[in-house]
Amino acid sequence: MLNDVLANTLNNLYMASKEGKSESIARPVSKLMMTVLQIMHDNGYIGSFEAVDDGKGKFVKINIAGSLNKCGVVKPRFPVKLDEFEKFEKRYLPAKNFGIIIVSTSNGIMTHIEAKEKKLGGRLIAYIY
């Protein structure tokens, strides 16, 4: 039974990249999942992706770029203030300035780097490196 669409998608991506596959399929589709995939694409962790409707429901075809080492969701979704980002970077990322943490802020979903530049806090969603 699927409980967290984003967690299942990131786990499928991680396992497909470890197996050396060039493509992964994720279903079902959610707005949060599509936004996180767009951020991953913009930062070069995955290639192109597209939502396809086959009549039974939507699914997403994701091309793996090959630069994905690890990805996962942050559970529980911790609230984070502007001065607390470093603590969570140390917890979820292997080194400084290596990887991104995706944060849900009042201005939308963005990376922790953008949130620091805009001086925003929010809730942690996922990490990718």
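The values are calculated or read from the model by the stated rules, or taken from the named source; none is laboratory data. All of these numbers come straight from a predicted model, not from anything done at the bench. When we count neighbours, we look across all protein chains shown, and the Cβ atoms used for this are built from the backbone with ideal geometry, even at glycine.
Of all the residues in region 71-104, those that are part of a strand (DSSP E or B) and within 15 Å of the chain's Cα centre (by Cα) number 9. Scan region 9-21 and tell me whether some residue there is touching a residue at least 12 places away in the same chain (Cβ under 8 Å), touching a strand residue (DSSP E or B) at 6+ places or on another chain (Cβ under 6 Å), in a strand (DSSP E or B) and β-branched (Val, Ile, Thr). Within region 9-21, none of the residues are touching a residue at least 12 places away in the same chain (Cβ under 8 Å), touching a strand residue (DSSP E or B) at 6+ places or on another chain (Cβ under 6 Å), in a strand (DSSP E or B) and β-branched (Val, Ile, Thr).
Taking the conditions exactly as written (at pLDDT below 95, over 18 Å from residue 31 (Cα atoms) and surrounded by 13 or more Cβ atoms within 10 Å (Cβ to Cβ)), does residue 97 satisfy them or not? No; evaluated as a whole, the condition is false for this residue. For residue 33, the conditions (1) in contact with a Ser or Thr (Cβ under 7 Å, 6 or more places away or on another chain); (2) exposed (fewer than 13 other Cβ atoms within 10 Å of the Cβ); (3) modelled with pLDDT of 95 or more all hold with the exception of (2). When residue 67 is tested against (1) touching a residue at least 60 places away in the same chain (Cβ under 8 Å); (2) polar (S, T, N, Q); (3) part of a loop (DSSP other than H, G, I, E, B), exactly one condition is not met: (1).
When you look at residue 63, is it farther than 18 Å from residue 123 by Cβ, more than 14 Å from the chain's Cα centre (by Cα) and surrounded by 14 or more Cβ atoms within 10 Å (Cβ to Cβ), yes or no? Taking the combined requirement at face value, the residue satisfies it.
For region 24-64, residues that are in a strand (DSSP E or B) and in contact (Cβ under 8 Å) with a residue 60 or more places away in the chain total 0.
Just a yes or no: is a residue in region 18-39 acidic (Asp, Glu) and outside the structural domain of residue 123 (by TED's automatic domain parsing)? Yes, there is a match, as at least one residue in region 18-39 is acidic (Asp, Glu) and outside the structural domain of residue 123 (by TED's automatic domain parsing).
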